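Notes follow once the structure below has been shown.
The values are calculated or read from the model by the stated rules, or taken from the named source; none is laboratory data. Just so it is clear, the structure is predicted and the values come from calculations on it, not from any experiment. When we count neighbours, we look across all protein chains shown, and the Cβ atoms used for this are built from the backbone with ideal geometry, even at glycine. These area figures cover heavy atoms from the full protein model, side chains too; ligands, DNA and RNA do not enter into them. Shrake-Rupley method; radii C 1.70, N 1.55, O 1.52, S 1.80 Å.
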Amino acid sequence: MSSAAGGGGAYSFSLTTFSPSGKLVQIEHALAAVAQGTTSLGIKATNGIVIATEKKSSSILIDDSMIEKVAVICPNIGIVYSGMGPDFRVLVTKARKTAQAYWKLYGEYPPTRVLTQDIATVMQEATQSGGVRPFGVSLLVAGWDKVRGPSLYQVDPSGSFWAWKASAIGKNMINAKTFLEKRYNDDISLEDAIHTALLTLKEGFEGQMTEKTIEIGVVTVPSPEDLVAAPGERIKPVFRKLTEEEVRDYLAL
């Protein structure tokens, strides 16, 4: 009973009941699960966005080529997470279906804020329903659209989301945010943002940082020519994941 009281008493076991102090304690437990996850971060630059994360396997026997922490949702949006991988997989599937439904209806992929709001709604619904638990992940959503240009959002298990210039989530997020606050400026370029992301991850990185142990995705602001597709071809993707060779080159600098 003493441990239950320390975690919020009887209210710590109920998702849909507020504690006397006005908290939904299960959401705090979900944030604790996020804080145990590997560090992920995002930085918005003048000409794009970079999202990066640690990618570690629990055993040398695991095929690490199958581990995906940065996911492409649609050609203009990508997501990285900290927390529980299976929960992230469910949200990625829902987000991809939402993006395809938007494209089918409007002939273009959704603006970053629209998709972020849809994901946040799914996560919020899991905090207000009986028989479910909150999603044990926080997300960084990076994308580009014609209305807002490049934008970076953070979504938490409560369903709250905010736009950020730079942010970090996961076990080293406090130190990472402090580091970003010192290094960030509004005129940072995408190349400098990638280097800053690597330096930030390196601050709390355990072991050797290689192209196998980190994953990076970038949003590049397209030129007017990039937004015009040739007959029979698709528009060039705005978001992409860097290859291991590209990551290796950045680490060597």
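Among the residues of the stretch 219-253, what is the count of those that are assigned to a loop (DSSP other than H, G, I, E, B) and out of contact with any Leu (no Cβ under 8 Å at 6 or more places or on another chain)? Steps first, please.
Keep residues of the stretch 219-253 that are assigned to a loop (DSSP other than H, G, I, E, B), which gives 221-223, 228-238, 242-243, 253.
Checking which are out of contact with any Leu (no Cβ under 8 Å at 6 or more places or on another chain) leaves us with 221-223, 228-234, 236-238, 242-243, 253.
Within the stretch 219-253, residues that are assigned to a loop (DSSP other than H, G, I, E, B) and out of contact with any Leu (no Cβ under 8 Å at 6 or more places or on another chain) number 16.
Annotation note: of 93, 116, the sole residue that is open to solvent by less than 10 Å² (accessible area, probe 1.4 Å), part of a helix (DSSP H, G or I) and polar (S, T, N, Q) is 116.
Among the residues of the stretch 174-218, which ones are in contact with a helix residue (DSSP H, G or I) (Cβ under 9 Å, 6 or more places away or on another chain), under 19 Å from residue 46 (Cα atoms) and part of a strand (DSSP E or B)? Answer for the stretch 174-218, where residues must be in contact with a helix residue (DSSP H, G or I) (Cβ under 9 Å, 6 or more places away or on another chain), under 19 Å from residue 46 (Cα atoms) and part of a strand (DSSP E or B): 216, 218.
For the stretch 65-79, the condition of being touching a Pro at 6+ places or on another chain (Cβ under 6 Å) and surrounded by fewer than 21 Cβ atoms within 10 Å (Cβ to Cβ) holds for at least one residue. Across the stretch 172-228, the qualifying residues are those that are of a type in the set (Asp, Glu) and more than 22 Å from residue 35 (Cβ to Cβ), and the one among them that is surrounded by the most Cβ atoms within 10 Å (Cβ to Cβ) is 211.
Pairs meeting the criteria (first residue in the stretch 72-85 and farther than 20 Å from residue 169 by Cα, second residue aliphatic (A, V, I, L, M), beta carbons under 8 Å, at least 6 apart or on different chains) are 74/99; 74/115; 75/235; 75/238; 76/219; 76/238. Would you check which residues across the stretch 115-147 are of a type in the set (A, V, I, L, M, F, W, C), within 24 Å of residue 34 (Cα to Cα) and over 15 Å from the mean Cα position of the chain (by Cα) and list them? Scanning the stretch 115-147 gives 122, 126, 132. In the stretch 148-163, the qualifying residues are those that are out of contact with any Ser or Thr (no Cβ under 9 Å at 6 or more places or on another chain) and open to solvent by 30 Å² or more (accessible area, probe 1.4 Å), and the one that is farthest from residue 223 (Cα to Cα) is 160.
Hey, among 112, 121, which residue is modelled with pLDDT of 95 or more and out of contact with any strand residue (DSSP E or B) (no Cβ under 9 Å at 6 or more places or on another chain)?
Just a single option satisfies the conditions, and that option is 121.
Within the stretch 128-147, can one find any residue that is out of contact with any strand residue (DSSP E or B) (no Cβ under 8 Å at 6 or more places or on another chain) and assigned to a helix (DSSP H, G or I)? No, because not a single residue in the stretch 128-147 is out of contact with any strand residue (DSSP E or B) (no Cβ under 8 Å at 6 or more places or on another chain) and assigned to a helix (DSSP H, G or I). With respect to the conditions (1) within 13 Å of the chain's Cα centre (by Cα); (2) outside any helix (DSSP H, G or I); (3) surrounded by fewer than 21 Cβ atoms within 10 Å (Cβ to Cβ), residue 108 lacks only one, and its number is (1). Could you list all residues from the stretch 80-90 that are open to solvent by less than 50 Å² (accessible area, probe 1.4 Å), part of a helix (DSSP H, G or I) and either within 22 Å of residue 242 (Cα to Cα) or in contact with a Cys (Cβ under 7 Å, 6 or more places away or on another chain) (or both)? Those that are open to solvent by less than 50 Å² (accessible area, probe 1.4 Å), part of a helix (DSSP H, G or I) and either within 22 Å of residue 242 (Cα to Cα) or in contact with a Cys (Cβ under 7 Å, 6 or more places away or on another chain) (or both): 85, 88. Among the criteria (1) in contact with a helix residue (DSSP H, G or I) (Cβ under 9 Å, 6 or more places away or on another chain); (2) on the phi > 0 side of the Ramachandran plot, the one residue 232 does not fulfil is (1).
Screening the candidates 14, 65 for the property of being farther than 21 Å from residue 157 by Cβ and either more than 12 Å from the chain's Cα centre (by Cα) or modelled with pLDDT under 95 (or both) yields one hit, 65. Checked against (1) under 19 Å from residue 26 (Cα atoms); (2) touching a Ser or Thr at 6+ places or on another chain (Cβ under 9 Å); (3) open to solvent by 10 Å² or more (accessible area, probe 1.4 Å); (4) in a helix (DSSP H, G or I), residue 121 meets all criteria but (2). Every test in (1) of a type in the set (Gly, Ala, Ser); (2) in contact with an Asp or Glu (Cβ under 9 Å, 6 or more places away or on another chain); (3) in a helix (DSSP H, G or I) is passed by residue 32 save one, and that test is (2).
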